[in-house]
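The values are calculated or read from the model by the stated rules, or taken from the named source; none is laboratory data. What you see is a predicted model, and the numbers here were worked out from it, not measured in a lab. Methodologically, a virtual Cβ is constructed for each residue, glycine included, from the backbone with ideal geometry; neighbour enumeration extends over all protein chains shown.
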Amino acid sequence: MAANRKSAPRRSVRTAGKLKKLYRRWRSDRDALSDALWSKALRTSPYARAMPKNDQTRLRQLTRQLLRAKSFEGTSGFAVNESMRARIALHAGIPILNLGLDYYADWSSIVIYPGDFRVHDEYMDEHGVVHREIMDLCGQSLSQGPIVLSWEAMREEDETPADHDLVIHECAHKLDLLNGDANGFPPLHPDMDARAWAHDFHAAYRQLCSEPDARGARRIDPYAAEDPAEFFAVTSEAFFTAPYLVYENHPAVYKQLQRFYRQDPHPIMTQR
């Protein structure tokens, strides 16, 4: 009986230690995304603000997970603060709200420049000729590396909200890359038809390319005509920022994106 009485406190100590560990983790999660930080980040996304409260709650938890899972690194002497990190993580969480964090498992860091950045690109055309060029970019998704972003571009989006979302655009490229090359064909869910996806996206892409000068106020960014990968990225960002652009101009593509992202932003944004 003495042995039994002595063993009880040890179990209590172990239980208390586990509870303290869980409490510290809970406090760490809360400290990583305070109410003030969350509210400020939420103001930068009309879609996130218009979500039902239960979806907002899940997005906040996903934002916390991204803040823990990814590193946020400033470059060229740029200091990244907690508000910037929260803003980027919230936008990165939107496309995978109903997919899960595993869709971002292949990359671990986000690099932020103060403004646009210059890169040296090399590619081979269909004739086997290698081309080299210098480009100024506001965002880039490296197939074997991080996402690279311009803070100036994101700040301009927040000041003049439109159909652009640099973070969602680059995250869409990352989803596209899960299948290998970026070609506008991310890994589809088992209940989706790959032939229907290819048909609907190719038809919409050809339609956009055949109308290069039709730049109306209710059309997606003509940059989508650059190539199929950019078409997927541009329509993805418009899907979450100005869904009517995809819904009205490319209804079949809207339905495919709805099935892939497992979200339906159009009625949410229409009713806000």
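Before moving on, here are some points about what is shown:
- Candidate set from segment 57-86 (those that are over 11 Å from TRP151 (Cβ atoms) and aliphatic (A, V, I, L, M)); member that is surrounded by the most Cβ atoms within 10 Å (Cβ to Cβ): ALA86
- Condition check for GLU237: on the phi < 0 side of the Ramachandran plot and surrounded by fewer than 17 Cβ atoms within 10 Å (Cβ to Cβ): no
- Looking across segment 137-163, the residues that are over 22 Å from VAL119 (Cα atoms) and either touching a residue at least 24 places away in the same chain (Cβ under 8 Å) or of a type in the set (A, V, I, L, M, F, W, C) (or both) come down to GLU157, ASP158, PRO161, ALA162, ASP163.
- Long-range neighbours under 7 Å by Cβ, at least six apart or interchain, first residue in contact (Cβ under 8 Å) with a residue 12 or more places away in the chain and over 19 Å from ARG87 (Cα atoms) within segment 168-179, second among the charged types (D, E, K, R) and surrounded by 23 or more Cβ atoms within 10 Å (Cβ to Cβ): none
- From the options ALA32, ALA50, residue that is aliphatic (A, V, I, L, M) and modelled with pLDDT of 95 or more: ALA50
- Residue within segment 87-98 that is under 15 Å from the mean Cα position of the chain (by Cα), under 18 Å from PHE260 (Cβ atoms) and surrounded by fewer than 16 Cβ atoms within 10 Å (Cβ to Cβ) present: yes
- For SER76, the conditions (1) out of contact with any helix residue (DSSP H, G or I) (no Cβ under 8 Å at 6 or more places or on another chain); (2) at pLDDT below 85; (3) within 26 Å of ASN183 (Cβ to Cβ) all hold with the exception of (3).
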